[in-house]
1. If A29 meets every condition in (1) buried (at least 18 other Cβ atoms within 10 Å of the Cβ); (2) closer than 20 Å to V66 by Cα apart from one, which number is that one?
2. Condition test on L84, is it in contact with an Asp or Glu (Cβ under 7 Å, 6 or more places away or on another chain), under 30 Å from R18 (Cβ atoms) and surrounded by 11 or more Cβ atoms within 10 Å (Cβ to Cβ)?
3. Evaluate the following for Q69: is it free of Cβ contacts under 8 Å to residues at least 40 places away in the same chain and assigned to a helix (DSSP H, G or I)?
4. In the range 9-20, how many residues are more than 10 Å from L48 (Cα to Cα), not basic (K, R) and not in a loop (DSSP other than H, G, I, E, B)?
5. Sort through L6, L106, L89 and tell me the only one that's assigned to a helix (DSSP H, G or I), in contact (Cβ under 8 Å) with a residue 40 or more places away in the chain and of a type in the set (A, V, I, L, M).
6. Residues of the range 27-40 being in contact (Cβ under 8 Å) with a residue 24 or more places away in the chain and farther than 9 Å from L6 by Cβ, which ones?
7. Among (1) under 22 Å from I51 (Cα atoms); (2) loosely packed, with under 12 Cβ neighbours inside 10 Å; (3) modelled with pLDDT of 95 or more; (4) not hydrophobic (A, V, I, L, M, F, W, C), which single condition is R97 missing?
8. If you go through the range 109-119 one residue at a time, how many are part of a loop (DSSP other than H, G, I, E, B) and exposed (fewer than 11 other Cβ atoms within 10 Å of the Cβ)?
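The values are calculated or read from the model by the stated rules, or taken from the named source; none is laboratory data. For clarity, every value in this text was computed on a predicted model and none was experimentally measured. Here the Cβ is made from the backbone with ideal geometry for all residues, glycine too, and neighbour counts use every protein chain on show.
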Amino acid sequence: MKIGELARQAGCSVETVRYYEREGLLQAALRDQSNNYRHYDNAHVDRLMFIRRCRALDMTHEEIRVLLQARSQPDANCGTVDALIDAHLHHVQARIRELSMLEKQLYDLQSHCHANRATRDCGILRELEQAEEGENSTLAISSSGHLAGSHAH
């Protein structure tokens, strides 16, 4: 099958397929000598679906590589897989705590809003300005940065 059909079967874009190939997560396809088109088989579909399920669980490429390696060794001990999921679960729990703190900060910030005022008198803007200046404020600036759905391990 061609790249477009693989992408359709996996529910992703052609660019996603190319990206996973560049990243080394998906094996490069054989190319037709006459037109240089990529040709994929069902093994590519299975692997791409596996990768997409892992990404849906917010796993990093490195975590996915470890799981793909384990998947390629069906008789090996699965302790590595269990340890990876355990570490990933701890990371997700930490993110949930951070997101809960972020939610509280946003509610606190929102409490400074008194509707129907000019922006020069806006309590939210004032709080954000104070946070920039390092004054006492309901906002704590985290050294971990804003969460964007990825992690560093």
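1. Exception for A29: condition (2).
2. Yes; evaluated as a whole, the condition is true for this residue.
3. Taking the combined requirement at face value, the residue satisfies it.
4. Final tally of qualifying residues: 3.
5. Of the residues listed, the single one that is assigned to a helix (DSSP H, G or I), in contact (Cβ under 8 Å) with a residue 40 or more places away in the chain and of a type in the set (A, V, I, L, M) is L6.
6. Y37, H39
7. (1)
8. Summing the residues that are part of a loop (DSSP other than H, G, I, E, B) and exposed (fewer than 11 other Cβ atoms within 10 Å of the Cβ) in the range 109-119 gives 5.
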